[in-house]
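Structure, as structure tokens:
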Amino acid sequence: MGLDEHRYALTVRWTGNLGNGTSSYREYSRNHDVEIPGLPVLKGSADPTFRGDRSRYNPEQLLLTALAQCHMLSFLHVAVRHGVVVLSYEDDATGLMRLNRDGSGQFENVTLRPRVTVADSAHIAMAEDMHREANALCFIARSVNFPVLHVPVTTTAGS
């Protein structure tokens, strides 16, 4: 494996056999564990709409999480490259998923709403523009087949 390749591995373990396996749609839990060596177990389930446990993370939330995290990390990297000092970053991300009549579905889009505080007010416009560059670098955004939109708000400390 070269320096330009990175491999990731994890185990997803279904924990929802309530005694009868998948004998019917209502006879099993959607609960599962995501196990990554050296990290706490992530408790997963389906979205509550699909008989999932609302106290556990669902795949749709985790996809949205991955996009928001990747954009933030790419943005922070771009900020360093451009000499923009970021003091805080917070994102209220949303995603729209549509279901089809055949039971399939797909995300139509994701909207990231990063609120960024920069140290120098002269960098506000540049910071707003850097979201395009961050999106172009984000591994996850480059891997999905739906638009990842950005509605950034940039301020300076004390404003």
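The values are calculated or read from the model by the stated rules, or taken from the named source; none is laboratory data. Please read all numbers here as calculations on a predicted model, not as lab measurements. No Cβ is skipped: glycine too gets one built from the backbone with ideal geometry, and neighbour counts run over all protein chains shown. Heavy atoms of the whole protein, side chains included, go into the accessibility calculation; ligands, DNA and RNA do not. Shrake-Rupley method; radii C 1.70, N 1.55, O 1.52, S 1.80 Å.
Could you please let me know if Val80 is modelled with pLDDT of 95 or more, within 19 Å of Thr155 (Cα to Cα) and not in a strand (DSSP E or B)? Lay out the reasoning, then the answer.
Details: modelled with pLDDT of 95 or more: yes; within 19 Å of Thr155 (Cα to Cα): yes; not in a strand (DSSP E or B): yes.
Judged against the criteria, Val80 is a match.
One line per residue, one yes/no per condition, for (1) basic (Lys, Arg); (2) loosely packed, with under 11 Cβ neighbours inside 10 Å; (3) part of a strand (DSSP E or B):
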{"residue": "Ala9", "(1), (2), (3)": "no, yes, no"}
{"residue": "Asn20", "(1), (2), (3)": "no, yes, no"}
{"residue": "Tyr25", "(1), (2), (3)": "no, yes, no"}
{"residue": "Asp33", "(1), (2), (3)": "no, no, yes"}
{"residue": "Leu39", "(1), (2), (3)": "no, yes, no"}
{"residue": "Lys43", "(1), (2), (3)": "yes, no, yes"}
{"residue": "Ala46", "(1), (2), (3)": "no, no, no"}
Point to revise | Which listed residue is open to solvent by less than 30 Å² (accessible area, probe 1.4 Å) and either touching a residue at least 60 places away in the same chain (Cβ under 8 Å) or polar (S, T, N, Q) (or both), from Ala141, Ala157 | key: Ala141
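So if I check each of Glu133, Glu128, Glu60, Glu90, which one is touching a Pro at 6+ places or on another chain (Cβ under 6 Å) and either part of a helix (DSSP H, G or I) or open to solvent by 40 Å² or more (accessible area, probe 1.4 Å) (or both)? Write out each step before concluding.
Values: Glu133 fails: touching a Pro at 6+ places or on another chain (Cβ under 6 Å); Glu60 fails: touching a Pro at 6+ places or on another chain (Cβ under 6 Å); Glu90 fails: touching a Pro at 6+ places or on another chain (Cβ under 6 Å).
Glu128 is the lone residue from the list that is touching a Pro at 6+ places or on another chain (Cβ under 6 Å) and either part of a helix (DSSP H, G or I) or open to solvent by 40 Å² or more (accessible area, probe 1.4 Å) (or both).
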Review point. Which residues, counting only those in the stretch 62-90, are of a type in the set (S, T, N, Q) and farther than 19 Å from Tyr8 by Cβ?
Key: Ser88
Revision key, fill the gap. When restricted to Ser74, Ser45, Ser88, Ser104, the only residue at pLDDT below 95 and hydroxyl-bearing (Ser, Thr, Tyr) is Ser104
Review point. Quick one: would you say Arg98 is open to solvent by 50 Å² or more (accessible area, probe 1.4 Å) and in contact with a Gly (Cβ under 7 Å, 6 or more places away or on another chain)?
Key: yes
Review point. Is there a residue in the stretch 110-124 that is over 15 Å from Thr65 (Cα atoms), without any contact (Cβ under 8 Å) to a residue 40 or more places away in the chain and part of a loop (DSSP other than H, G, I, E, B)?
Key: yes
